[in-house]
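**Q** Let me give you the structure first, and then I'll get to my questions.
The values are calculated or read from the model by the stated rules, or taken from the named source; none is laboratory data. Only a predicted model underlies this, so the values are computations on that prediction, with no experimental measurement involved. Cβ placement follows ideal geometry from the backbone for every residue including glycine, while neighbour counts extend to all protein chains displayed.
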Amino acid sequence: MSEAATGSRETIAILGGTGDLGTGLAIRWSKAGHRIIIGSRTLEKAQNAVAELAKISPDTPAEAMENRDAAKAGNIVVLTVPAEHQLSTLDTVRDGLKGKILIDVTVPLVPPKVGTVQLPAEGSAGKRAQDFLGDDVMVVTAFQNIAAHLLQQDVVIECDVLVAGNKKAAREKVIELAAEAGMTGYHAGPIENSAAAEALTSILIQINRQGKFSHSGIKIVGQGDH
Ligand SMILES: NC(=O)c1ccc[n+]([C@@H]2O[C@H](COP(=O)([O-])OP(=O)(O)OC[C@H]3O[C@@H](n4cnc5c(N)ncnc54)[C@H](OP(=O)(O)O)[C@@H]3O)[C@@H](O)[C@H]2O)c1
């Protein structure tokens, strides 16, 4: 991972950034030079997470806020909470999201059958978020197939990122952020197509269960003129 050389320095607010995936993204984007705000339901929990992050990226100090304040302060907002709390969390922050990119990583797994694809009635968690927030917010889904523990470690991530959302420029920005976090992202089309990336996670879980892989992923192949 290198300094944020390709893009501008963003203020990235990570809602539920105290959790596994949010911590991983915070580490990677903080190392890339972005300003990180860790959001939580409680300020104290966010402060503890910021203290941990400071040990890893002392040169790019993060800030702690409650989710609502974090969403207002970020120019890019990332939602990293369990699927069952996706809409309730968005409801508490929606005022702060207008005109912004919301990166939604939600995988709608339904325990105990997490190895079975069980997408919501709206078609996908990403579509559900876009319907809920309306067109004022550019929902872009990504990172559903990336294991949180890999993001948290200083390792090469081989798994590619499928980036879905209705606005091409917003997808482009997320592809840029994925690159800064050490991953290759691809335009995966409109928000409806998030269903495929979300569903893939259950398939990767099935593959991991077979024992040969601990963190299976996907790779887009076929580049070139043939
Ligand atoms: N873990 C992975 O490897 C992985 C990979 C790809 C995608 N994802 C997706 O990323 C999202 C986060 O996964 P995770 O593993 O990071 O989850 P997690 O660690 O279990 O939880 C993330 C954060 O969600 C918040 N949260 C918990 N209960 C909540 C509630 N009732 N209302 C509002 N917020 C609540 C908590 O933050 P506060 O207590 O600080 O508010 C918690 O730290 C999920 O949608 C998951 O499908 C995860």
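**Q** For the stretch 69-107, enumerate the residues that are more than 10 Å from the ligand (Cβ to nearest atom), closer than 15 Å to Lys173 by Cα and among the hydrophobic types (A, V, I, L, M, F, W, C).
**A** Ile76, Val77, Ile101, Leu102, Ile103
**Q** If the requirement is being out of contact with any Asp or Glu (no Cβ under 8 Å at 6 or more places or on another chain), closer than 22 Å to Val140 by Cβ and of a type in the set (Asp, Glu), which of these qualifies: Glu66, Glu44, Glu84, Glu52? First the steps, then the outcome.
**A** On the way: Glu66 fails: closer than 22 Å to Val140 by Cβ; Glu44 fails: closer than 22 Å to Val140 by Cβ; Glu52 fails: closer than 22 Å to Val140 by Cβ.
Step by step, each of Glu66, Glu44, Glu84, Glu52 is checked, and only Glu84 is out of contact with any Asp or Glu (no Cβ under 8 Å at 6 or more places or on another chain), closer than 22 Å to Val140 by Cβ and of a type in the set (Asp, Glu).
**Q** With respect to Met183, is the statement that it is in contact with a Cys (Cβ under 9 Å, 6 or more places away or on another chain) and at pLDDT 95 or above true? Can you show your working first?
**A** On the way: in contact with a Cys (Cβ under 9 Å, 6 or more places away or on another chain): yes; at pLDDT 95 or above: yes.
It is true that Met183 is in contact with a Cys (Cβ under 9 Å, 6 or more places away or on another chain) and at pLDDT 95 or above.
**Q** Somewhere in the stretch 136-157, is a residue over 24 Å from Ile220 (Cα atoms) and in a loop (DSSP other than H, G, I, E, B)?
**A** Taking the stretch 136-157 as the starting set, the residues that turn out to be over 24 Å from Ile220 (Cα atoms) are 136-138.
With in a loop (DSSP other than H, G, I, E, B) added as a condition, the list becomes 136-137.
Checking the stretch 136-157: at least one residue is over 24 Å from Ile220 (Cα atoms) and in a loop (DSSP other than H, G, I, E, B).
**Q** Would you tally the residues in the stretch 24-46 being within 19 Å of Val93 (Cβ to Cβ) and surrounded by fewer than 23 Cβ atoms within 10 Å (Cβ to Cβ)?
**A** Total meeting the criteria: 6.
**Q** Here's another thing I want to ask about it. The conditions are (1) of a type in the set (Gly, Ala, Ser); (2) within 11 Å of the ligand (Cβ to nearest atom); (3) in a helix (DSSP H, G or I), and Ala64 fails exactly one of them. Which is it?
**A** (3)
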